[in-house]
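I have placed the structure first, in the form of structure tokens, so that the comments after it can refer back to it.
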Amino acid sequence: MAESQSTWRGRVALQFERRGSAGGERTIHQGQASSPLKLQRAQWQSSGHCELPILHTAGGLVGGDELEISAQLTPQSQALLTSVAAQKVYGSVGRSRQQPQGRWSRQALRFELKQGSQLEWLPQELVLYANGLFEQTCRIELEPGASFLGAEVVRLGRTAAGESLEQGCWRSALEIHRSGANGGRWELVDRLELKDAALTGEHGMAAQPVFGSLTWIAGDPLPPAVIEELLQACRQQRAGLEGTMACGALEQGLVARYRGPSSQAARFWFCRIWALLRSIQGQSPPELPRVWPFQENPLEQAAECSA
């Protein structure tokens, strides 16, 4: 079968814009999607964020599939992008006689945030099957006053079925750039690769199956004392969760990492941090997207921890 018939090239292109008169403003979106990606109905959180779920209708990614998601946020607009379900990446290495080394599934994210806009990119878990190959690139351009929150959770092999990643690999390249005088500055350049020795080594995954990463870039610089207080609050929110969790300061934000056995624990910790970040920005608490499958509310547990 020809490559064009056996692989997907899905694309989503979005634009968010804040409209309305004072007191009645809301962010609306325009966009288009091509198979296997599909846009679901938007709704609005009390914070003003336009919550938009993206559905992947193919049931998972196979070697050679490529997805592209791009979004432009006009000044002062607020958006929350998520996925309708966990994303599956099927095994590729050793599946083909012609390409025994396997084929990569790839996803490219491109976000452009204009002055004062806010984007929260919070997809559901990615499950990488044994011998799966997945590479993601994410490039974010921020104008002054724009802020970004992104969190992702990756399961390396279907551990419930006794499966490991084997010869598979997960790669991520995150670049966040802030425009400004003299060409601006880099807020973060973060490149990660999990395979082979990195899956078992103590400085890698230490044989744990779940990796999580959260990045927050504030719209405006925060005093060092505020950042330190925020980091301490994030660490306190680890209470009752299994796994290894750490966070550290960026020049204008923070990074949090999870390593452990539970994707739920990673997601719960990130949700608690999400609530803290909404609070520090003077916004109403987050509301869990309607497509998320949680049976318990991690935000209620966050309130208990801080009481």
Spatial separation of Cα centroids for the range 175-239 and the range 116-157, in angstrom: 12
Of Leu277, Gly240, Leu61, farthest towards positive along the dipole that unit charges on Lys, Arg, Asp, Glu beta carbons give the range 9-306: Leu61
Near-label residues of the range 196-226 by backbone N, under 15 Å of a point 7 Å along Cα→Cβ of Gln283: 215-220
Extreme residue, positive dipole direction of the range 9-306, given options Val127, Val255, Gly219 (C-beta unit charges): Val127
Sequence ranges 107-120, 239-252, 162-175, ranked by mean other-Cβ count within 10 angstrom, highest first: 107-120, 162-175, 239-252
Cross-link partners of Lys195 among lysines (Cα-Cα below 20 Å; sequence separation of 8 or more within a chain): Lys88
Dipole magnitude (debye, nearest 20) for the range 149-205, charges at Cβ of Lys, Arg, Asp, Glu: 180
Average Cα contact separation per residue, the chain, under 8 Å, 6 or more apart, as relative contact order %: 12
Fewest-first ranking of Tyr258, Tyr90, using other Cβ atoms within 10 Å as the exposure measure: Tyr90, Tyr258
Nearest 10 degrees, 0 to 90: helix 263-280 Cα axis against the chain principal axis: 20
Within the range 17-75: Cβ-based charge dipole about Cα centre, in debye rounded to nearest 20 (Lys, Arg +1; Asp, Glu -1): 300
Where only C-alpha atoms are counted, convex hull volume of the range 9-306 per residue in Å³: 141
Mean Cβ neighbour count within 10 Å, used as a protection proxy, ranking 184-193, 125-134 highest first: 125-134, 184-193
Extended-chain gain in nm, criterion 0.36 nm per residue less alpha-carbon gap, Gln40 and Glu228: 63.8 nm
The range 1-151: relative contact order in percent, alpha carbon pairs under 8 Å with at least 6 residues between: 22
Check: the range 9-306 dipole with +1 on Lys, Arg Cβ and -1 on Asp, Glu Cβ, in debye: 800
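Read-outs throughout are calculated quantities, based only on the coordinates presented, and are distinct from any laboratory measurement. Since the model is a prediction, treat every value here as computed from it, not as a measurement. Counting neighbours? That spans all protein chains shown, and the Cβs are built from the backbone with ideal geometry, glycine included.
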